[in-house]
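The values are calculated or read from the model by the stated rules, or taken from the named source; none is laboratory data. Since we're looking at a predicted model, the values are computed, not measured. Cβ placement follows ideal geometry from the backbone for every residue including glycine, while neighbour counts extend to all protein chains displayed.
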Amino acid sequence: MPLRRILPPLAVIVLVALLARAQTVPDARYWRLDDVNQQLAAWAAAHPELVHVTTLGTSGQGEAIPLVCISDHAAVREREPGVFQHAAQHANECNGTGAVMDAIARLLAGYGDDPAVTARVDGLELWFAPIVNVDGHRHVFSGAPSWADWRKTMRDNDADGEVDFPGDGVDLNRNWDWRWDEYDESDPASQKYRGPFPFSEAEARALRDFVLRERPLVVVDYHSPVTISWTDEIFYVWPSSPDHLIARDVALEWADATRNRHGDAYGAIYAFDTLPKEQCWVHGNTGILVFLVEIEDRCWFTGATVDSVAHRVARGSMTLLDRVLAGPGVRGRVTDAVTGAPLAAEVALAELDGGGIGPRRCDQATGSFERLTGTGNYTLRVSMRDYEDAEIPVTVTAGWSTIDVALDPIATAVDDPGPRRPWLDLPNPLRAGQRLTLRLPAGASVARADLYDVRGRHVTTLATGLAAASDHRLAVPRDLADGVYLLRIRSGASTVARRLVYLH
Ligand SMILES: [Zn+2]
């Protein structure tokens, strides 16, 4: 190609590069923190039932981190699956903020008119934190020379009272207490500096505490790539997680519905569990499904592209909401059988267990749990300290299977079984020829005792018509196979379930 034909495009590239350098602040179409706060307040005023504005916590510099819930009764914690989406852990990755704001706008605009939108708002608890790293974000929009590259928090690493680039700040998404010791980015000047200790940053603690308190079903973290290694990509959990295939399925469907600025679909790829990132910590410690979205191939755009990038990601994210709404999965609520109080019990599906993930817990306020699954038969195991375990078979065909579980407090004293609890002396393991002793409290209804296998199939009835205020010695059939069983004693509305290991 002759040189004169290369020169004009080359000149254009140089000019564009110079103009980009000359830009002193992000494009005016990007959301500033003050604009986000104003817009959230305006939405709350216009839709008081649907919009509840609160804060995720307080930043390192004492600034409130905005958080909003969109739902049909937004200010009330309902028994609806939660989806928590947040952006700008990395201060200069602002396309996610645009996507989150666009998603809120489209949910509010379509509510009551578009049945699909109305179903999302009515059926889910939709949490959004548009800017997590509020301090770094302010710096980005301050016009400081380092604005376009400022990724980290504003921690003054060398305590010289000044903002130094790149010496100051901590990478929020390397500050989580997950394989933190193994991660070698301990140089404060690194863009991926892990911080002086795990959870040194207030913003990471705020995210962690929110997730532990609210137990959303899904967490989504929006980023944009600084280098071009991973572009237009949705990351899901690693292969050793029992949720890997379900997460992949969700991510593929979502990626397929999400377009980049050229009109091409996003990809889906799994992440490793090797970094001290939010994704690893949250999924590893709670089993919550976590996705990370790398929006486009860089951080900054100008003009109408800013809005169209946000718009396309927000539109794609509706696919995720629809999947959470539709299932399939298992959901329910765990309560104390005596008081009815919600319990933050551990909930597991035996067939989708392992990988060192969890424990998965019900949310504290309502005792509710949700888990996306495939279709099939599962065994729900519910446990909580000072309560009898429960094991319940669940069949998931399509949609959500709802299982509410009332856990019985463990009877503690032999002499004083309490006013209402049956007392059970159950040798565990139970050997052939051994008996178990059951005493029903005075005033209890006539009871029966049944044995189930681990898949929940009824094996045998040990006794019926058991009277209150007397001891009953129960034997299991001699030909019972060795194994694990569930003994269930029903008395009126009350049930006691206990795992029984039988050995010849
Ligand atoms: Zn990032």
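Among the residues of segment 78-106, just one is under 17 Å from THR231 (Cα atoms) and among the acidic types (Asp, Glu), namely GLU93.
On the basis of being at pLDDT below 95 and under 18 Å from GLU294 (Cβ atoms), does ILE234 make the cut? Answer is no for this residue. Among the residues making up segment 207-231, those that are surrounded by fewer than 23 Cβ atoms within 10 Å (Cβ to Cβ), in contact (Cβ under 8 Å) with a residue 24 or more places away in the chain and within 16 Å of the ligand (Cβ to nearest atom) are HIS223, PRO225, VAL226, ILE228, TRP230, THR231.
Only residues that are surrounded by fewer than 23 Cβ atoms within 10 Å (Cβ to Cβ), hydrophobic (A, V, I, L, M, F, W, C) and out of contact with any Phe, Trp or Tyr (no Cβ under 7 Å at 6 or more places or on another chain) were counted in segment 155-172, giving 2. Between a first residue in segment 236-257 that is outside the structural domain of CYS280 (by TED's automatic domain parsing) and a second residue that is surrounded by fewer than 22 Cβ atoms within 10 Å (Cβ to Cβ) and part of a helix (DSSP H, G or I), which pairs have beta carbons less than 9 Å apart while being 6 or more apart in sequence or on different chains? That search, which allows pairs on different chains as well, returns nothing.
Taking segment 75-85 as the range and being of a type in the set (Gly, Ala, Ser) and either crowded, with 23+ Cβ neighbours inside 10 Å or farther than 18 Å from LEU108 by Cα (or both) as the test, only GLY82 passes.
All told, TRP300 meets the bar of being assigned to a loop (DSSP other than H, G, I, E, B), more than 18 Å from the chain's Cα centre (by Cα), at pLDDT 95 or above and within 16 Å of the ligand (Cβ to nearest atom). For segment 272-297, filtering for residues that are out of contact with any helix residue (DSSP H, G or I) (no Cβ under 9 Å at 6 or more places or on another chain) and within 14 Å of the ligand (Cβ to nearest atom) leaves 2. Here HIS139 clears all of (1) touching a Gly at 6+ places or on another chain (Cβ under 7 Å); (2) crowded, with 19+ Cβ neighbours inside 10 Å except the condition numbered (1). Contact map, segment 72-100: residues that are not assigned by TED's automatic domain parsing to the domain that holds ARG213 paired with residues that are within 14 Å of the ligand (Cβ to nearest atom), Cβ distance under 9 Å, separation 6+ or inter-chain. No pairs are found.
Given the condition within 16 Å of the ligand (Cβ to nearest atom), of a type in the set (Lys, Arg), surrounded by fewer than 22 Cβ atoms within 10 Å (Cβ to Cβ) and not in a strand (DSSP E or B), answer yes or no: does some residue in segment 185-193 qualify? Yes. The residues in segment 88-132 that are touching a Ser or Thr at 6+ places or on another chain (Cβ under 6 Å), surrounded by 24 or more Cβ atoms within 10 Å (Cβ to Cβ) and assigned to a loop (DSSP other than H, G, I, E, B) can be counted, and the count is 4.
The set of residues in segment 260-271 being more than 15 Å from the ligand (Cβ to nearest atom) and either aliphatic (A, V, I, L, M) or assigned to a loop (DSSP other than H, G, I, E, B) (or both) consists of ASN260, ARG261, HIS262, GLY263, ASP264, ALA265, TYR266, ALA268, ILE269. For segment 453-504, taking the residues that are of a type in the set (Val, Ile, Thr) and in a loop (DSSP other than H, G, I, E, B), the one that is nearest to LEU438 (Cα to Cα) is identified as VAL476. Scanning segment 442-489 for residues that are farther than 28 Å from LEU380 by Cα and among the acidic types (Asp, Glu) gives a single hit, ASP471.
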